[in-house]
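The values are calculated or read from the model by the stated rules, or taken from the named source; none is laboratory data. Bear in mind that the values here come from a model prediction, so they are computed numbers and not experimental data. Using ideal geometry, Cβ is built from the backbone for each residue, glycine included, and neighbour counts are taken over all protein chains shown. Heads up: the accessible areas ignore ligands, DNA and RNA and are worked out on the full protein's heavy atoms, side chains in. Shrake-Rupley method; radii C 1.70, N 1.55, O 1.52, S 1.80 Å.
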Amino acid sequence: MSVDLNLCQAYAQCCYAAPRHFRIEGHEALFYDPAPAAQDRDDIERARVACPVQAIRVEDPERGA
(Lines give C-alpha, C1' and ligand atoms only; values in the text may rest on other atoms or scores of the structure.)
Protein backbone atom coordinates (compact mmCIF):
# COMPACT_ATOMS: atom_id res chain seq x y z
CA MET A 1 0.00 0.00 0.00
CA SER A 2 1.12 3.53 -0.64
CA VAL A 3 -0.33 7.00 -0.29
CA ASP A 4 0.47 9.76 -2.75
CA LEU A 5 1.12 12.54 -0.27
CA ASN A 6 1.07 15.09 -3.09
CA LEU A 7 -2.56 14.16 -3.77
CA CYS A 8 -3.58 13.76 -0.13
CA GLN A 9 -5.59 16.72 1.14
CA ALA A 10 -5.88 15.46 4.74
CA TYR A 11 -9.63 14.93 4.60
CA ALA A 12 -8.92 12.03 7.01
CA GLN A 13 -11.55 9.72 5.58
CA CYS A 14 -8.93 6.95 5.68
CA CYS A 15 -8.49 7.58 9.41
CA TYR A 16 -12.19 6.97 9.98
CA ALA A 17 -12.27 3.91 7.72
CA ALA A 18 -9.10 2.26 9.09
CA PRO A 19 -7.96 4.03 12.27
CA ARG A 20 -5.39 1.35 13.14
CA HIS A 21 -3.57 2.03 9.88
CA PHE A 22 -3.94 5.77 9.26
CA ARG A 23 -3.67 8.79 11.52
CA ILE A 24 -3.30 12.55 11.19
CA GLU A 25 -0.84 14.24 13.52
CA GLY A 26 -0.05 17.89 13.91
CA HIS A 27 -1.08 20.11 11.04
CA GLU A 28 -2.34 17.67 8.40
CA ALA A 29 0.58 15.19 8.59
CA LEU A 30 -0.62 11.75 7.55
CA PHE A 31 1.06 8.70 9.02
CA TYR A 32 0.20 5.24 7.72
CA ASP A 33 1.31 1.64 7.80
CA PRO A 34 2.84 0.92 4.36
CA ALA A 35 2.81 -2.86 4.92
CA PRO A 36 -0.39 -3.89 6.70
CA ALA A 37 -1.02 -7.54 7.41
CA ALA A 38 -3.01 -9.55 4.87
CA GLN A 39 -5.90 -9.94 7.31
CA ASP A 40 -6.27 -6.12 7.35
CA ARG A 41 -6.91 -5.95 3.60
CA ASP A 42 -10.63 -5.18 4.06
CA ASP A 43 -9.83 -2.19 6.31
CA ILE A 44 -7.30 -0.85 3.82
CA GLU A 45 -9.69 -1.32 0.91
CA ARG A 46 -12.39 0.55 2.85
CA ALA A 47 -9.92 3.42 3.37
CA ARG A 48 -8.96 3.42 -0.32
CA VAL A 49 -12.58 3.69 -1.40
CA ALA A 50 -13.27 6.43 1.19
CA CYS A 51 -10.43 8.67 -0.04
CA PRO A 52 -12.08 11.53 -1.95
CA VAL A 53 -8.91 12.27 -3.97
CA GLN A 54 -7.95 8.62 -4.60
CA ALA A 55 -4.51 9.06 -3.00
CA ILE A 56 -4.34 5.50 -1.63
CA ARG A 57 -2.93 2.76 -3.84
CA VAL A 58 -3.33 -0.86 -2.81
CA GLU A 59 -1.08 -3.35 -4.53
CA ASP A 60 -2.54 -6.71 -5.43
CA PRO A 61 -0.04 -9.38 -4.33
CA GLU A 62 -1.74 -11.88 -6.65
CA ARG A 63 -0.97 -9.76 -9.70
CA GLY A 64 2.23 -8.16 -8.42
CA ALA A 65 0.83 -4.63 -8.78
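Given +1 on the Cβ of Lys and Arg, -1 on the Cβ of Asp and Glu, and no further charges, what dipole in debye does the chain carry about its Cα centre, rounded to the nearest 20? Mind dumping the intermediate values first?
Working: 7 positive and 11 negative charges, 19 e Å.
Once rounded to the nearest 20, the dipole reads 80 debye.
Give the accessible surface of the stretch 2-57 per residue, rounded to a whole number of Å², with probe radius 1.4 Å and ligands, DNA and RNA excluded. Before the final figure, lay out each step's value.
Values: 3830 Å² over 56 residues.
Averaged over the residues of the stretch 2-57, the accessible area is 68 Å².
Which of the GluC sites (Glu not before Pro) found in the chain are loop residues per DSSP with 13 or fewer other Cβ atoms within 10 Å of their Cβ? Please report the intermediate quantities before stating the final value.
Working: sites: E25, E28, E45, E59, E62; in loops: E28, E59, E62.
Here the GluC sites (Glu not before Pro) that fit, given the DSSP loop and packing criteria, are E28, E59, E62.
Given the chain, what whole percent of its Cα pairs are spread farther than 15 Å? Walk me through the intermediate numbers first.
Values: 915 of 2080 pairs.
Here the long-distance tail beyond 15 Å is 44 percent of all Cα pairs in the chain.
Probe radius 1.4 Å, ligands and nucleic acids ignored: give me the carbon and sulfur share of the accessible area of the chain as a rounded percent. Numbers along the way, then the final one.
Working: 2170 of 4560 Å².
That fraction is 48 percent.
Between N6 and A29, 0.36 nm times their residue separation minus their Cα-Cα distance comes to what?
Separation in residues times 0.36 nm, less the Cα-Cα distance, equals 7.1 nm.
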